[in-house]
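Worksheet: one structure, shown below.
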Amino acid sequence: MPISLKHILSLDDFEKAARRHLPHPLFMFVASAAQDGHTIRANRSSFDDFALVPRVLVDISRRTTEKTLLGQTWKAPFGISPVGVAALCAYRGDIVMAKAAAAAGIPMALSGASLIHMEEVVAQAPGTWFQAYMPGDEPRTFALVERVAQNGFDTMVITLDTAVAANRENNTRAGFHIPLRPSLRLAWDGVSHPRWLLGTMMRTLLHHGMPHFENTYATRGVPIISRHVERGYSERGHLHWKHFEKIRDMWKGRLLVKGVLSVHDARQARDLGADGVIVSNHGGRQLDGAVAPMRVLPGIVAACPDIPVMLDGGIRRGGDVLKALALGAQFVFTGRPFIFAAAVAGEAGVRHAISLLSAEVDRDMALLGITHLDQLNRDHLFRLASPSGEL
Ligand SMILES: Cc1cc2nc3c(=O)[nH]c(=O)nc-3n(C[C@H](O)[C@H](O)[C@H](O)COP(=O)(O)O)c2cc1C
């Protein structure tokens, strides 16, 4: 294990290490959330609504963390959420995360706001999923779906919670914009973090040129550093479920919807042919004040019994994973910890993050008295707000 990982004992330790390693604006871009952070805090605290109820003297000597989702058996019940600009935080960030996920037998969705061609990522890590933002018009939607299909992706995740750009005033305070604007402050942020400057930024510029948003459309998007303020995303405010229906018609692979929090939307997605929904508030990065996924999960599971309901937002411990599954999620995803892990130690860092979380799931299963994740149910949860613990 590389020296830098010896003291990383939990996912949160990666955040502390990344705070030192990354230039402040970049660290804040990943770590912070929209406006006052009500939602990012709610994501974490929602796991404290429940306590786990273990059973004892169960033979747990033979147990597995494997979980079947969408006809495939994964080595653990969690995957890597799509995270944009990973290749700015870590050298070849999207590739190192995708390779580590593939090697560990867990899913990862490549972000539509990523900086490395999807062709290259899927060639290095076959089986990677693709996450798309819906382009605002039909020709660009068709071209993007065609490109994703031609490159052999079998699962596409459509993120729906970005009708307009969020109010990320914390990014502005920290000096982060997309695209980054050349400035003395930006130069100083780089120079004062030489390991990142040489190992990620300069190395990328030297070997691959200026990073661009490569996968938002079928064609190349804007560069990551530019004097022009325009972000290059099309207007999405007019999008409607009928546009989703078109994508469902075009895309023959598995189609997941990410970013729903209402029972109505989840049912709508299922009725229009989604193969699964990811209950998510974008890690608190869109609507501040939005409800935590854990709090709406039971209603959505009840409304969509025939498709897998997944969840992301705030998962940091094996116990969080088990609570979400006991409440009805089929699978969970985590975002920030893996991007921090890639920043701190590349592919080895992401592998370490995956093995830490897997080990916690495995240990907590044993302490809970189960040998298979499908044994989890509501009897394993005590709801703290209710005197009797009933859900
Ligand atoms: C830096 C960063 C970039 C993100 N980029 C995307 C993206 O491109 N597409 C998307 O659907 N979600 C994106 N998300 C949201 C994540 O997919 C996920 O919903 C969120 O990170 C889950 O919360 P967690 O970080 O607490 O695990 C991003 C999140 C972060 C932190």
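The values are calculated or read from the model by the stated rules, or taken from the named source; none is laboratory data. All values reported here derive from a predicted model rather than from experimental measurement. Don't worry about glycine lacking a Cβ; one is built from the backbone with ideal geometry, like all the others, and counts go over all protein chains shown. For accessibility, only protein heavy atoms count, side chains too; no ligands or nucleic acids. Shrake-Rupley method; radii C 1.70, N 1.55, O 1.52, S 1.80 Å.
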Hey, any hits in the stretch 233-247 for a residue that's among the hydroxyl-bearing types (Ser, Thr, Tyr), in contact with a strand residue (DSSP E or B) (Cβ under 8 Å, 6 or more places away or on another chain) and surrounded by 21 or more Cβ atoms within 10 Å (Cβ to Cβ)? no
With (1) in contact with a strand residue (DSSP E or B) (Cβ under 7 Å, 6 or more places away or on another chain); (2) within 16 Å of the ligand (Cβ to nearest atom) as the list, and Asp288 as the residue in question, which single condition is left unmet? (1)
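Listed here are the residues, each with its yes/no results for (1) closer than 24 Å to Gly221 by Cα; (2) at pLDDT 95 or above.
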site	(1), (2)
Arg168	yes, no
Ala174	no, no
His177	yes, no
Arg181	yes, no
Ala187	yes, no
Pro194	no, yes
Leu197	yes, yes
Thr200	yes, yes
Leu206	yes, yes
Scope the stretch 87-106; condition in a helix (DSSP H, G or I) and away from the ligand (no atom under 13 Å from the Cβ); matching residues: Ile95, Val96, Ala98, Lys99, Ala100, Ala101, Ala102, Ala103, Ala104
Scan of the stretch 10-42 for residues that are open to solvent by less than 20 Å² (accessible area, probe 1.4 Å) and part of a loop (DSSP other than H, G, I, E, B), ordered by number: Ser10, Leu22, Pro23, Ser32, Ala33, Ala34, Gly37
What number of residues within the stretch 12-48 are more than 30 Å from Val191 (Cβ to Cβ) and out of contact with any helix residue (DSSP H, G or I) (no Cβ under 7 Å at 6 or more places or on another chain)? 7
Would you call Asp48 modelled with pLDDT of 95 or more, surrounded by fewer than 24 Cβ atoms within 10 Å (Cβ to Cβ) and more than 19 Å from the chain's Cα centre (by Cα)? yes
For the stretch 188-199: of the residues being part of a helix (DSSP H, G or I) and under 20 Å from Leu115 (Cβ atoms), which is least open to solvent (accessible area, probe 1.4 Å)? Gly190
Would you check which residues across the stretch 149-185 are outside any loop (DSSP other than H, G, I, E, B) and farther than 28 Å from Met118 by Cβ and list them? Glu169, Asn170, Thr172, Arg173, Ala174, Leu184, Arg185
The residue from Thr371, Thr334 that alone is of a type in the set (S, T, N, Q) and more than 16 Å from the ligand (Cβ to nearest atom) is Thr371
Looking only at the stretch 112-147, filter to residues that are more than 19 Å from the chain's Cα centre (by Cα) and open to solvent by less than 30 Å² (accessible area, probe 1.4 Å); which one of those is nearest to Tyr217 (Cα to Cα)? Leu144
Flag if Gly84 is open to solvent by less than 50 Å² (accessible area, probe 1.4 Å), away from the ligand (no atom under 14 Å from the Cβ) and outside any strand (DSSP E or B): no
When every residue in the stretch 337-351 that is more than 17 Å from the chain's Cα centre (by Cα) and buried (at least 24 other Cβ atoms within 10 Å of the Cβ) is compared, the one farthest from the ligand (Cβ to nearest atom) is Ala345
Being of a type outside the set (A, V, I, L, M) and either part of a helix (DSSP H, G or I) or open to solvent by less than 20 Å² (accessible area, probe 1.4 Å) (or both) is the filter; apply it to the stretch 67-81 and report the residue that is nearest to the ligand (Cβ to nearest atom). Ser81
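Conditions tested, residue by residue: (1) over 17 Å from Val350 (Cβ atoms); (2) within 13 Å of the ligand (Cβ to nearest atom); (3) touching a Cys at 6+ places or on another chain (Cβ under 9 Å); (4) modelled with pLDDT of 95 or more.
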residue	(1), (2), (3), (4)
Met108	no, yes, no, yes
Ser111	no, yes, no, yes
Ser114	no, yes, no, yes
Val121	no, no, no, yes
Gln124	no, no, no, yes
Trp129	no, yes, no, yes
Ala132	yes, yes, no, yes
Asp137	yes, no, no, no
Glu146	yes, no, no, yes
Select from the stretch 96-105 the residues that are farther than 15 Å from Val30 by Cβ and open to solvent by less than 10 Å² (accessible area, probe 1.4 Å) and list them in ascending order. Ala98, Ala100, Ala101
All conditions in (1) farther than 18 Å from Val157 by Cα; (2) away from the ligand (no atom under 16 Å from the Cβ); (3) open to solvent by less than 30 Å² (accessible area, probe 1.4 Å); (4) touching a residue at least 24 places away in the same chain (Cβ under 8 Å) are true of Arg227 except (3)
